[in-house]
Amino acid sequence: MLLDFNSDKPIYIQISEAIEDDILKDIYKEEEQVISTTELSVSLKINPATARKGLNLLVDDGIIYKKRGVGMFVCDGAKDKILEKRKKSFYDNFISSLLEEASKLKISKEEIIKMIEGGN
């Protein structure tokens, strides 16, 4: 896991997104244990509270859950939740602004599709 300490994105969010990426890549499968707060803080040389905050974001989103005294585990259906969340974010951050700009420029849906497929 690589963190960008110069990024505007907070470290705890980078941690939660990196673990989500690992779940999407099947590095962590459903019902498997994820890296612990201590392991994260030691390996990344960050404050344990920052690592905990990143993991707690995933708990709040229903991506991982805590087993008291054992650790954190990937929830059933976590991969689907991440995909849905990221698709919505992709639409909100890219597609909606693309469609808005296309409308201003009077670019049709067919023209957009052609552009996406590699034609001008």
Original post:
What number of residues in the range 42-60 are more than 17 Å from Asp21 (Cβ to Cβ), of a type in the set (S, T, N, Q) and surrounded by fewer than 18 Cβ atoms within 10 Å (Cβ to Cβ)?
Top reply: 2
Original post:
Given the structure, is Ile35 under 15 Å from Ile15 (Cα atoms), touching a residue at least 40 places away in the same chain (Cβ under 8 Å) and of a type in the set (A, V, I, L, M)?
Top reply: no
Original post:
Taking Ile63, is it surrounded by 12 or more Cβ atoms within 10 Å (Cβ to Cβ) and within 27 Å of Asp4 (Cα to Cα)?
Top reply: yes
Original post:
Looking at the range 81-94, is at least one residue surrounded by 11 or more Cβ atoms within 10 Å (Cβ to Cβ) and over 17 Å from the mean Cα position of the chain (by Cα)?
Top reply: no
Original post:
Just one of the numbered conditions (1) assigned to a helix (DSSP H, G or I); (2) under 21 Å from Asp4 (Cβ atoms) is not true of Lys79; which one?
Top reply: (2)
Original post:
Applying the selection to the range 26-53, what residues are β-branched (Val, Ile, Thr) and assigned to a loop (DSSP other than H, G, I, E, B)?
Top reply: Ile27, Val34, Ile35, Ile46
**OP:** Taking the options Gly71, Gly77, Gly118, name whichever one is loosely packed, with under 14 Cβ neighbours inside 10 Å and within 23 Å of Leu24 (Cα to Cα).
**Re:** Gly77
Original post:
Which numbered condition trips up Val59, out of (1) in contact with a strand residue (DSSP E or B) (Cβ under 9 Å, 6 or more places away or on another chain); (2) of a type in the set (A, V, I, L, M); (3) in contact (Cβ under 8 Å) with a residue 24 or more places away in the chain?
Top reply: (3)
Original post:
If you scan the range 38-60, which residues turn out to be over 15 Å from the mean Cα position of the chain (by Cα) and farther than 17 Å from Met1 by Cβ?
Top reply: Ala49
Original post:
Given Glu110, Glu30, which one is modelled with pLDDT of 95 or more and not β-branched (Val, Ile, Thr)?
Top reply: Glu30
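The values are calculated or read from the model by the stated rules, or taken from the named source; none is laboratory data. Predicted model only: the values in this text are computed from it and were never measured. Neighbour counts run over all protein chains shown; Cβ positions are idealised from the backbone, glycine included.
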